[in-house]
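Worksheet: one structure, shown below.
The values are calculated or read from the model by the stated rules, or taken from the named source; none is laboratory data. Owing to the predicted nature of the structure, the values given are computational and were not obtained by experimental measurement. Glycine also receives a Cβ, built like all others from the backbone with ideal geometry; neighbour counts cover every protein chain displayed. The accessibility values were calculated without ligands, DNA or RNA, using every heavy atom of the protein model including side chains. Shrake-Rupley method; radii C 1.70, N 1.55, O 1.52, S 1.80 Å.
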Amino acid sequence: MPAGQFSKNPLVDKALRHSVRDGMAYSVQVGAGETYFSAFALFLRATAPQVALISTLPLLLASFAQLFSAWVGNFVGRRRLVLLGCALQALLWLPILLVPMLFSAAYVIPALLVLLVLYHSANNLAAPQWTSIMRDLVSERRRGRYFAHRTRLTTIATFVSLVLCGVILHELDTAGRTYFGFVLIFLIAFAARAVSVYHLTKPK
């Protein structure tokens, strides 16, 4: 889109363009990584009840992080809390993909569950503050057009990353290298979140 499309203020317009790129990178993380948490749990020999817990409990417990974010944001600052939460979420990909190597079979599923609670909590720590920042950046008159544009691109990014990483995982699983497949797609998710954090560091 041409310069000045999102705001007449060049600094705000630049920040909103970085936000679009942040959203696309975050969506790659979702498509390449989060989508495959349940499949990873099954690979680790989780039972059906354990898979159900992994799919639901982390999101439920992590929702309380939004309440904490609203309180601590008054002391830490909005932008700093966004960067802290998103950077922490990116770093958590590393222990997640190493779970089978760090824990014995008896503890691997509980460890994954705890890590996923922390993973989603880190994102929820940032989310309320990010929403507040974006509300200040995007004028009401341009809000619908901007978020429609952003959502269209993030949806495409999620779908493409989901399909490509599914193909990668399938091919490596067929070759008998399933764990390497999960490591690879989770590293893609880690890199995508790191790119997202980079764009979030741009002035808001």
Counting only protein heavy atoms and using a 1.4 Å probe, what share of the accessible area of the stretch 1-108 belongs to carbon plus sulfur, as a whole percent?
70 percent
Highest-fluctuation residue, Thr158, Thr35, Thr47 considered, GNM on the chain with Cα pairs under 10 Å
Thr47
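Rounded to a whole number, what is D in µm²/s for the stretch 1-87 from Stokes-Einstein with the Kirkwood radius over alpha-carbon pairs (4 °C, 1.567 mPa s)?
My calculation gives 80 µm²/s for D.
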Per residue accessible area of the chain, 1.4 Å probe, in Å²:
52 Å²
On the formula 1/(1 + (r/R0)^6), with r taken between the Cβ atoms of Glu171 and Ala191 and R0 of 22 Å, the FRET efficiency rounded to 0.05 is 0.65
Helix-only CD estimate at 222 nm, as mean residue ellipticity for the chain, using -39500 (n - 2.57) per DSSP H run (n ≥ 4)
-28500 deg cm²/dmol
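Could you estimate the translational diffusion coefficient of the chain from the Stokes-Einstein equation, with Rh from the Kirkwood formula over C-alpha pairs, at 37 °C and 0.692 mPa s, in whole µm²/s?
On the way: Rh = 18.0 Å.
Using the Kirkwood radius from Cα pairs, D works out to 183 µm²/s.
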Taking Cα atoms, the helix 10-32 axis meets the longest principal axis of the chain at an angle in degrees (rounded to 10) of 10 degrees
C-alpha long axis of helix 178-200 to longest principal axis of the chain, angle in °:
20 degrees
In the Gaussian network model of the chain, springs joining C-alpha atoms below 10 Å, which of Leu53, Leu88, Leu97 carries the largest mean-square fluctuation?
Leu53
What translational D, rounded to a whole number of µm²/s, comes out for the stretch 122-198 from Stokes-Einstein when the hydrodynamic radius is the Kirkwood one over Cα pairs, at 10 °C and 1.306 mPa s?
106 µm²/s
